[in-house]
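Beneath this line is the structure, given in structure tokens, with notes to follow.
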Amino acid sequence: MSRFMARPIVFKCPVTGMNVQHWLADVPENEKDRHSPVVCLACTQSHFIHNSTGQVLGEDKSKAAR
């Protein structure tokens with residue numbers, strides 16, 4: 001039986017500017033430095049979130065919501 005692991009993240013929606021809470025699935029070690037698509041609850045569009053940092057693709061690192 002495989003165990004689904006996830007962790008909560010908060011990211012800033014690039015469309016609305018709102019902070020959005022999302023559950024990011026745990027990924028294998030070889031995919032930690034990649035982005036996964038998520039559906040944003042604030043704008044209903046897809047954003048790409050970095051699997052390790054939880055940061056939105058293209059987001060300025062100094063402005064990331066934690």
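Tabulated results
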read-out	value
Magnitude of the charge dipole, segment 6-57, Cβ model with Lys/Arg +1 and Asp/Glu -1, debye to 20	180
Kirkwood Rh (inverse of mean 1/r, distinct Cα pairs), segment 6-57, angstrom	11.0
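Laboratory data are not the source of any read-out in this text; all were calculated from the coordinates shown. This structure is a prediction, so every number in the text was calculated from the model and none was measured. Using ideal geometry, Cβ is built from the backbone for each residue, glycine included, and neighbour counts are taken over all protein chains shown.
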